[in-house]
Amino acid sequence: MKNLYGETDPRDIPIYSISDAAKYLRIPVGTIRSWTVSVSNGSNFSKPQPLILTQDIKPKLLSFTNLVEIHVLRAIRKHHQMQRDKVRIALDYIHEKFQVLHPLASDKFSTNGVDLFIERYASLLNVSEDWRIDLKSSFNTHFQRIEFDKNGFAIKLFPFTASQEENNPRIVVIDPRIAFGRLVIAETGIPTIVLAQRLKAGESIQDLAYDYKCDRLKIEEAIRCELPAA
């Protein structure tokens, strides 16, 4: 995979703006910015580390791996009030255990790390057992949207395309090896942005479905993914 991109793994290339990530993952821009940018605590000390480590470039751009990490963190935000400082402590604990730069994008976290993270995070909050079970279920639902390569690192992400998480079809995918990592209809490689642009130019859903020999409902869902989350 690296041969096509020189010595750089395409998963590590920063190509997504925060707005791109917000649209693809259906998470508010402000939330993603707060997770990826160091936030001053008002003291004279150095700013605390963000929850998700990104390359230090301006403007801020995110990699595919960062998108996966944001998707996984969404499991906490979606159903539980996130305690940012305590999440940072729990993530540091996981990093120390696994010695992986981006543990949230590793199958080590999906298999063994979830329980360790919840144990550490929940102990800081003093929450109930039901809360822990619910959070684990949310993590598992999110990891079902990720595919890993033979080395255990995320290679495909199927973002949620509807408000409900359970039984959410895997219609679109982000794969850094296809369409330069842009959102496409799964198993077709058809970029969602191209479909949205053609619809905006006046072509009908039926025309697009015919041209691409693709199910009309998939075309509609793909175009919807290019619209603002609201």
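Side notes on the structure shown:
- Looking only at residues in region 152-205 that are under 16 Å from the mean Cα position of the chain (by Cα), part of a loop (DSSP other than H, G, I, E, B) and β-branched (Val, Ile, Thr), the one that is surrounded by the fewest Cβ atoms within 10 Å (Cβ to Cβ) is Thr161.
- Residue satisfying all of: in region 116-146; β-branched (Val, Ile, Thr) and outside any helix (DSSP H, G or I); surrounded by the fewest Cβ atoms within 10 Å (Cβ to Cβ) among these: Val127
- Subset of region 106-115 (residues that are in a helix (DSSP H, G or I) and either open to solvent by less than 50 Å² (accessible area, probe 1.4 Å) or among the charged types (D, E, K, R) (or both)): Asp107, Lys108, Phe109, Ser110, Gly113, Val114, Asp115
- Residues that are under 28 Å from Thr141 (Cα atoms) and in contact with a helix residue (DSSP H, G or I) (Cβ under 7 Å, 6 or more places away or on another chain), drawn from region 189-211: Gly189, Ile190, Pro191, Thr192
- Which numbered condition Glu69 fails, given (1) over 30 Å from Ile223 (Cβ atoms); (2) not small (Gly, Ala, Ser); (3) not in a loop (DSSP other than H, G, I, E, B): (1)
- For region 65-105, the set of residues classified as crowded, with 18+ Cβ neighbours inside 10 Å and β-branched (Val, Ile, Thr) consists of Thr65, Val68, Ile70, Val72, Ile76, Val87, Ile94, listed by residue number.
- Any hit, region 211-228, residues being of a type outside the set (D, E, K, R), farther than 26 Å from Pro10 by Cβ, within 19 Å of the chain's Cα centre (by Cα) and not in a helix (DSSP H, G or I): yes
- Single residue of Tyr93, Tyr24 found to be under 20 Å from Ile193 (Cβ atoms) and either in a helix (DSSP H, G or I) or modelled with pLDDT under 95 (or both): Tyr24
- Qualifying residue in region 206-228 (condition: among the aliphatic types (A, V, I, L, M), within 25 Å of Val29 (Cα to Cα) and open to solvent by 20 Å² or more (accessible area, probe 1.4 Å)): yes
The values are calculated or read from the model by the stated rules, or taken from the named source; none is laboratory data. It should be emphasised that the depicted structure is a prediction, and the values quoted were computed from it without experimental measurement. All Cβ positions, glycine included, derive from the backbone under ideal geometry; neighbour counts span all protein chains shown. Surface accessibility is based on the protein's heavy atoms, side chains included, excluding ligands, DNA and RNA. Shrake-Rupley method; radii C 1.70, N 1.55, O 1.52, S 1.80 Å.
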